[in-house]
Amino acid sequence: MSTHRMKPEPTRDVQANNVVSPSPEAILRAVELLRRGQVVGLPTETVYGLAGDGLNPSALARIFEVKRRPLFDPLILHFADAAAAFDLAEQIPTAARELAQRFWPGPLTLVLRKKEGVPDLATSGLPNVALRVPAHPVAQALLRAFGGPLAAPSANRFGRISPTDAQAVRTELGEAVPLILDGGPCAVGLESTVLFLSEHQPVLLRAGGVPVEEIEAMVGPVQHATPVDDRPQAPGQLKQHYAPRKPLRLVRGIADIPSQPDTGWLAFGPQNAPVPFCGVVENLSPADDLREAAVNFFRALRALDDDPRVGALYAMALPARGLGLAINERLERAAGAGAAIP
Ligand code: TXA
Ligand code: MG
């Protein structure tokens, strides 16, 4: 994208450390930047986002550029409330209203037919738009102060591990983001559940923070979209995603994890290490709690990836229910194309 780069106003006052606490002044500063087509690091309850003016094509182009994200992968638009979100949708099925009532603000994204006027860059030219109302108080404060939709993909380079704290945003995107609002560690830790709703059966495009069982309990059976290798029909379905730099291997049992100093083990539950185990362990939840595992997942993956002692990462599937399904999906994609939980 560098040759045809749409240039937003340059930022003259980039600080050495662009991570700031979300004071009222910082929110105003963020609004100012957003109005000028700049991008801002934003805490949400799921993961940190890279936010830009959802209705400004040059701000949207800047998001794709900073993330190095392919233009075929559309963005989620974020709103302060359901009324503002539905205002950009053409048809709103009853199921959408019911799910919004129950899960917004919160980690659910609804994909609906878009109204004219939603920029093509936001939807990658698709006839549908992804809508979400985040619950994090800082996201809410910024959305209200800005007064319009914010496009916000996860604030990582394309294909990499999603950031669940402000420092991880800085590590991922560095100086390219003039301001990162520090809202503390994310309470959910996994991205929102993405659900496509039309006159047909709902389609799960991404498992996430709202377990699919809870959605099915309200609207009946949900169809599951399948991952693909290259240009996805339902975008966001690429097989390789959330990837560490080091190899990640999915194994069936503890016996398959080599007890070597350079082994990084992403563990779960009160599992006993292979004896004697001399690698590095990050336990997602010693107490066997899937919510806690979700909160810790990206942080732990990043910690092992960044640990100089570790050469290769190992993990086993988590229990296939609730948030465990969403974590397993991320594990498979982090392990790369073709990897499946054994
Ligand atoms: O929790 C979240 O959703 C976070 C926070 C920052 O809000 N955002 C996030 O955005 O995860 P991103 O861009 O990393 O993932 C958005 C997903 C992608 O899989 C994308 O393909 C899908 O949503 N998506 C967006 N718009 C779509 C559309 N119009 N049709 C189908 N899928 C869409
Ligand atoms: Mg992402």
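The values are calculated or read from the model by the stated rules, or taken from the named source; none is laboratory data. Note that the structure is a prediction, hence the values are computed from the model and not measured. Virtual Cβ from ideal backbone geometry, glycine too; neighbours counted across all protein chains shown.
Among helices (runs of 4 or more DSSP H) lying entirely in the range 109-177, which contain 2 or more residues that are within 12 Å of ligand 1 (Cβ to nearest atom), in contact (Cβ under 8 Å) with a residue 12 or more places away in the chain and under 30 Å from Thr94 (Cα atoms)? Give the steps one after another, and end with the answer.
On the way: elements: 120-123, 137-146, 166-173.
Per the criteria, 120-123, 137-146.
Among the residues of the range 70-89, those identified as modelled with pLDDT of 95 or more and part of a loop (DSSP other than H, G, I, E, B) are Pro74, Leu75, Phe79, Ala80, Asp81, Asp87, Leu88. Any chance the range 215-225 includes a residue that's buried (at least 20 other Cβ atoms within 10 Å of the Cβ) and either of a type in the set (Ser, Thr, Tyr) or modelled with pLDDT of 95 or more (or both)? Yes: one or more hits. Please tell me if Gly264 is in contact with a strand residue (DSSP E or B) (Cβ under 6 Å, 6 or more places away or on another chain), closer than 22 Å to Pro185 by Cβ and either modelled with pLDDT of 95 or more or in a loop (DSSP other than H, G, I, E, B) (or both). Judged against the criteria, Gly264 is a match. Apart from one condition, Gly125 fits all of (1) at pLDDT below 95; (2) within 16 Å of ligand 2 (Cβ to nearest atom); the exception is (2).
Within the range 67-108, the set of residues being surrounded by 14 or more Cβ atoms within 10 Å (Cβ to Cβ), of a type in the set (Gly, Ala, Ser) and more than 12 Å from ligand 1 (Cβ to nearest atom) comprises Ala80, Ala82, Ala84, Ala85, Ala95, Ala96, Ala100. Does Ala96 fit the bill of being away from ligand 2 (no atom under 16 Å from the Cβ), within 23 Å of Val219 (Cα to Cα), part of a helix (DSSP H, G or I) and in contact with a strand residue (DSSP E or B) (Cβ under 8 Å, 6 or more places away or on another chain)? Considered against the rule, which asks whether it is away from ligand 2 (no atom under 16 Å from the Cβ), within 23 Å of Val219 (Cα to Cα), part of a helix (DSSP H, G or I) and in contact with a strand residue (DSSP E or B) (Cβ under 8 Å, 6 or more places away or on another chain), Ala96 comes out as yes.
Among the residues making up the range 208-230, those that are away from ligand 1 (no atom under 11 Å from the Cβ) and within 16 Å of Ala320 (Cβ to Cβ) are Pro211, Val212, Glu213, Glu214, Glu216, Val222, His224. Total residues in the range 99-122 satisfying the condition of being of a type in the set (A, V, I, L, M) and either within 16 Å of ligand 2 (Cβ to nearest atom) or at positive phi (or both): the figure is 3.
Restricting the range 166-203 to residues that are out of contact with any helix residue (DSSP H, G or I) (no Cβ under 7 Å at 6 or more places or on another chain) and of a type in the set (Asp, Glu) leaves a set whose member that is farthest from Pro107 (Cα to Cα) is Glu175.
Provide a single number: the residues in the range 28-50 that are within 16 Å of ligand 2 (Cβ to nearest atom) and surrounded by fewer than 24 Cβ atoms within 10 Å (Cβ to Cβ).
Summing the residues that are within 16 Å of ligand 2 (Cβ to nearest atom) and surrounded by fewer than 24 Cβ atoms within 10 Å (Cβ to Cβ) in the range 28-50 gives 1.
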